[in-house]
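Scroll down for the structure; my scribbles are underneath it.
The values are calculated or read from the model by the stated rules, or taken from the named source; none is laboratory data. Note that this is a predicted model, so its numbers are computed, not measured. As a convention, Cβ positions derive from the backbone with ideal geometry for all residues, glycine included, and neighbour counts pool all protein chains shown.
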Amino acid sequence: MIHTHDNMTQGKIKLLEYFWKHSKDNLFIVRLDKDGDFVLEDVNPSQAKNFDFNFEKVKNQKLKDFLGEQVAKDFEKKYHECLENNMPQAKDEAVVVDGEEKHWHTMILPIIDTTTGTQRVFGIARDLTELYNTKKELEKLNQELENTVKERTKELENANKKLQDYAFEDTLTKIGNRRYFFEHANSLLALSKRLRTNISLIYIDLDYFKLINDKYGHPIGDMVLSEFAALLKKEARESDILSRFGGEEFILLLPFTSMQSAIKIASRIQENIKNHTFIHKKEKIDLTLSIGIATYEKAYASIEELIEKADKALYKAKHTGRNRIELAV
């Protein structure tokens, strides 16, 4: 039995020796001397190689004599805690070696000789510098990627907004188009029904606009349309819906507006056009408007019906002399 035990002990010793010599981790033993300083008692080949020192020259020397006061002080504080608590400790730590920051995962274990009272600390330190640097680089790349994604997302949002604006905007006059009108008009009509308030629609047609195109050309006609739209935009309130409904036809939807108020607004638009001068090569271009107005009544079930009523009033204005305002009946 004893012989078997001796064989097992010898086997363990050989295993430990092999581990000590060939482990890529850094293994070391420090001893607490009578002055309360720690001295280096032994290191494995990996430790000596990584720290690039001649172990024989520093063997049994105090840590502060070859590591420097501050570095040695940081190490010794941990070793004292380990011995005082008589418990293993493990933690990640950063150490500056020859001006380079190294990162380690270190485990230290107390070894106390109960016979002699000698106190030692056995340490196993694994170099995590490459892993740490890789992680740091990965975090940097992830942050750059996240910033890029945010930038691209913002660009995409802006692009989508521009596309939406283009989809709802009349490219010539820069006001809402027919699609824009219907996108918003139905909700305003529904609100008026729910609140039982007035909502009026002004339907405008530029009189004899074809003659302007025929006489001056389409570019000048486009200029007139753009200037007219700009004048309408100044007249419209923020809550109103203004759109070019097609060709030389424009619609202004006025929430919370009675028929009488709509008439005043239409008259003011006509007056503004009368006082505005459209010029082409010093030649004044005269422009008048035919206008039809409809105001919401309970009988109108949809925005299409409101448009139809205003359109009929506009038709009457155009066929009874133009340059006039007619009301839906």
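Would you point out the residue of the stretch 198-222, among those that are assigned to a helix (DSSP H, G or I) and among the aromatic types (Phe, Trp, Tyr), that is farthest from Gly321 (Cα to Cα)?
Filtering the stretch 198-222 for residues assigned to a helix (DSSP H, G or I) gives 209-216, 218-222.
Of the ones still in play, those that are also among the aromatic types (Phe, Trp, Tyr) are 209, 216.
Working: Phe209: 15, Tyr216: 24 Å.
Selected residue: Tyr216.
Take residues that are touching a strand residue (DSSP E or B) at 6+ places or on another chain (Cβ under 6 Å) and tell me which of the helices (runs of 4 or more DSSP H) falling wholly in the stretch 55-130 contain 3 or more. Talk me through it step by step, then tell me what you get.
Working: elements: 55-58, 63-67, 69-85.
Helices (runs of 4 or more DSSP H) meeting the threshold: 69-85.
Can you run down the residue pairs with Cβ atoms below 9 Å, 6 or more apart or on separate chains, where the first is in the stretch 236-247 and assigned by TED's automatic domain parsing to the domain that holds Leu188 and the partner is hydroxyl-bearing (Ser, Thr, Tyr) and assigned to a strand (DSSP E or B)?
So the pair list comes out as Phe245/Tyr203.
Give the residues of the stretch 93-119 that are surrounded by 11 or more Cβ atoms within 10 Å (Cβ to Cβ), under 29 Å from Lys34 (Cβ atoms) and at pLDDT 85 or above, sorted by residue number.
Of everything in the stretch 93-119, those that are surrounded by 11 or more Cβ atoms within 10 Å (Cβ to Cβ), under 29 Å from Lys34 (Cβ atoms) and at pLDDT 85 or above turn out to be Thr106, Met107, Ile108, Leu109, Pro110, Ile111, Ile112, Thr118, Gln119.
If Glu283 satisfies every condition in (1) of a type outside the set (A, V, I, L, M, F, W, C); (2) at pLDDT below 90; (3) under 19 Å from Gln260 (Cβ atoms) but one, which is the exception?
(3)
Residues are listed down the side, and each one gets a yes or a no for (1) among the β-branched types (Val, Ile, Thr); (2) closer than 14 Å to Ile204 by Cα; (3) part of a loop (DSSP other than H, G, I, E, B):
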{"site": "Lys234", "(1), (2), (3)": "no, no, no"}
{"site": "Ser243", "(1), (2), (3)": "no, yes, no"}
{"site": "Phe250", "(1), (2), (3)": "no, yes, no"}
{"site": "Leu287", "(1), (2), (3)": "no, yes, yes"}
{"site": "Ile307", "(1), (2), (3)": "yes, yes, no"}
{"site": "Lys312", "(1), (2), (3)": "no, yes, no"}
{"site": "Asn323", "(1), (2), (3)": "no, yes, yes"}
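I'd like the residue in the stretch 252-285 that is of a type outside the set (A, V, I, L, M) and assigned to a strand (DSSP E or B) and, out of all such residues, is surrounded by the most Cβ atoms within 10 Å (Cβ to Cβ). Reasoning before the result, please.
Step one: list which residues in the stretch 252-285 are of a type outside the set (A, V, I, L, M), which gives 255-258, 260-261, 264, 267-268, 270-272, 274-278, 280-284.
Then keep just the ones that are assigned to a strand (DSSP E or B); that gives 255, 278, 280, 283-284.
Working: Pro255: 19, Phe278: 17, His280: 15, Glu283: 10, Lys284: 9.
Looking at residues that are of a type outside the set (A, V, I, L, M) and assigned to a strand (DSSP E or B), I get Pro255.
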